[in-house]
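Presented below is the structure to which this report refers.
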Amino acid sequence: MGVNPNREFCLNITVKEDLIHILQEAIAAIQQKNTRLLSEVSNHITHCASIFQNPEAIKTAIVIYALFKIQDRGITINDGIMDLLQDGLIQVKKDNNQAYLGTLEGIFKKISKMDEKLALYMQQVINEAKIKKGMKLYQHGISLAQTAELAETTLWDLMDYVGKTKLNENVKDVVDLKRRLAYARKLFQ
Amino acid sequence: MLMMKKSLVFDSGPLISLAINNLLWLLEPLKKSFAGEFYITPAVYEEVVKKPFYTKRYKFEALQVYPLVLKNILRSIEHPAIRKKTEELLGMANKIFKAQGNWIHIVHYGEMEALATALFLNTETIVVDERTTRQLIEDPFLIAKHLERELHMPVDINRENLLKIKEEVKNLQVLRSTELAVCAFELDLLQKYVAPGEKEVIPNISIEILDGILWGLKLNGCSLKEEEIEEIINMERQRLKIK
């Protein structure tokens, strides 16, 4: 695996290696109809995404999570999507990041059109994938607005989702509630 | 920096929390009580009015925020000095923590624009519901510990940038939509939710309303813990001498 001397157009080597591994695992998981593996693969790439925050890692996490949800529902992932995943793998190996992002967009489009009766469900799957993967970034410590931008979702949707989790229960605060309230009262009363 | 009438600067989160819980109306009476200005930034306006206006799901909420801007209950402010300071703060904040040789971009332009605006206005208070921006102002070391725990790897800290940010924000205090709701309660603004005769049916109805509102804020994304809600309710019970 060579390294393109124009590093600024390349993914960080760790991310590139990770993406290749993950795409290979995802393709295998889909072929074997191994839903659990597909879920694990999606979680792994999200870990990288928090550090490197590049669109390739984040979009890959979203796509794989969406495919996991589809497969989990018992829906067969069609050959068109598999072809795009294989194509994506080739693009990553060749350092064609724009082309790779294009194949991911292609997969989103194919997912939306997979089943006319399930069109709304498929859109919901993609939206949910964006929010779920965004939540992982937030859990890692990235701010909500930054997470919303990276996961291409809205702050409104993220806040709605994060509120229903326990992610905010373990937040450490140096300013305790009493002190914060005492300050607020001075301002308003 | 300008010396101006006292002011609060709002990040997007508290406005979203209040909108989702139908509590935006509180801002007008709270502002009267505050006797100062409430400011938002262009990024906040984009997030809470423009973007949701073009969605189906949050269009109605956007249309409830917009009149507050029209009536100057929320004043939008922009200035070249704010833009410059935003870029500075963003550059600093997103080059404090490093993992695997990569700077971790922990905050967004919009969040730093709110900070920059607070500094420009020489205001002491910013209203932020989300955790990371709040920790950046109050104790950035907490973010490092959190990142290490969650990423399962060492996180390097650029102390120079960390100390620069701490120096910039040292006079800033953070409030959440939570504290605004509690103040509204203590100002009796929430009495409007008590219908005639309700007190006889639901004992301590006022406290139940406050409890409901706090849970509403929490469940819609305010960084508020369950134990904090309990603490607030106990505090208010004691204040009102309710068992």
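Can you tell me the orientation of helix A:55-72 relative to chain A, as the angle in degrees between its alpha-carbon axis and the longest Cα principal axis, to the nearest 10? So the inclination is approximately 80 degrees. Considering only A:84, A:119, A:134, the residue lying farthest towards the positive end of the dipole of the stretch A:84-138 is A:134, judged by Cα position with unit charges set on Cβ.
Mind checking which helices in chain B clear 15 Å along their axis (Cα) and have mean Kyte-Doolittle hydropathy of 0.5 or more, DSSP H runs only? The partial results should precede the final answer.
Details: long enough: B:59-70 (17 Å, 0.88); B:80-93 (20 Å, -0.31); B:109-120 (16 Å, 0.69); B:140-151 (17 Å, 0.02); B:205-219 (21 Å, 1.32); B:226-239 (20 Å, -1.54).
Span-like helices in chain B: B:59-70, B:109-120, B:205-219.
Charge dipole (Cα centre; +1 on Lys/Arg Cβ, -1 on Asp/Glu Cβ; no other charges) of chain B amounts to roughly 500 debye. Relative protection proxy for A:100-110, B:115-125, B:36-46, B:158-168, from highest mean packing down: B:115-125, B:36-46, A:100-110, B:158-168 (other beta-carbon atoms within 10 angstrom). Rounded to the nearest 500, the 222 nm mean residue ellipticity of chain A from helices alone is -23500 deg cm²/dmol, with -39,500 (n - 2.57) taken per DSSP H run of at least 4 residues. Result for chain A in a Gaussian network model with C-alpha springs under 10 Å: among A:148, A:99, A:66, the largest mean-square fluctuation is at A:99.
Per residue Cα convex hull volume for the stretch B:1-158, in cubic angstrom? Mind showing how you got there, number by number?
Details: hull volume 20.5 nm³, N = 158.
Each residue corresponds to 130 Å³ of Cα convex hull volume.
Rg/Rh for the stretch B:85-173 (Cα atoms only, Rh after Kirkwood) is 0.96.
Taking the stretch B:37-53 and a reference point 7 angstrom along Cα→Cβ of residue B:63, the backbone N atoms nearer than 19 Å belong to B:46-53.
With +1 assigned to the C-beta of every Lys and Arg and -1 to the C-beta of every Asp and Glu, and no other charges, what is the dipole magnitude of the stretch B:10-120 about the Cα centre in debye, to the nearest 20?
Values: 14 positive and 11 negative charges, 39 e Å.
So the magnitude is around 180 debye.
How many percent of all Cα-Cα pairs in the protein assembly as shown sit more than 28 Å apart? In whole percent, the long-distance tail amounts to 53. Start at zero, step by 10 Å, and the Cα-Cα distances of chain A spread as 9, 33, 32, 15, 7, 5, 1 percent across the bins.
Ranked by Cβ crowding within 10 angstrom, fewest neighbours first, how are A:177, A:67 ordered? Don't jump to the answer; show the numbers that get you there.
Numbers: A:177 20, A:67 27.
Fewest-to-most Cβ neighbours within 10 Å comes out as A:177, A:67.
With both labels modelled 7 Å from their Cα along Cα-to-Cβ, the residue B:242 to residue B:50 distance reads 4.3 nm.
Evaluate the stretch A:81-189: find the radius of gyration of its Cα atoms, find its Kirkwood radius, and give the ratio Rg to Rh. It would help to have the intermediate numbers written out before the result.
On the way: Rg = 20.2 Å, Rh = 17.1 Å.
With Rg and the Kirkwood Rh in hand, the quotient comes to 1.18.
Compared with the alpha-carbon gap, the fully stretched path from residue A:94 to residue A:34 is longer by 18.8 nm at 0.36 nm per residue. For residue B:173, the residues 5 or more places off, or on other chains, whose built amide H falls under 5 Å of its own are B:125, B:126.
Partner shielding of B:227-236 amounts to 2, given as the average count of beta-carbon atoms from other chains within 10 Å of each residue beta-carbon. For chain A, modelled as a GNM whose springs connect Cα atoms under 10 angstrom apart, the maximal fluctuation among A:173, A:157, A:83 occurs at A:173. Note on A:49-60: average number of Cβ atoms from other chains within 10 Å of each residue's Cβ is 3.
Could you sort out which of A:110/A:132; B:85/B:164; A:132/B:95; A:136/B:95 sit more than 18 Å apart by Cα distance in this structure? Working shown, then result.
On the way: A:110/A:132 20 Å; B:85/B:164 13 Å; A:132/B:95 26 Å; A:136/B:95 21 Å.
Pairs exceeding 18 Å: A:110/A:132; A:132/B:95; A:136/B:95.
With equal scatterers on the alpha carbons only and no solvent term, can you work out the Debye log10 of I(q)/I(0) for the stretch B:106-243 at 0.22 1/Å? Treating every Cα as an identical point scatterer, log10 I(q)/I(0) equals -1.32.
Axis of helix A:177-188 versus longest Cα principal axis of chain A: the two differ by about 70°, to the nearest ten degrees.
All of the numbers you see were taken from the coordinates with simple rules; none came from a lab. Remember, predicted model here, so these are calculated numbers, not experimental data. Every residue, glycine as well, gets a Cβ built from its backbone with ideal geometry; the counts of neighbours run over all protein chains shown.
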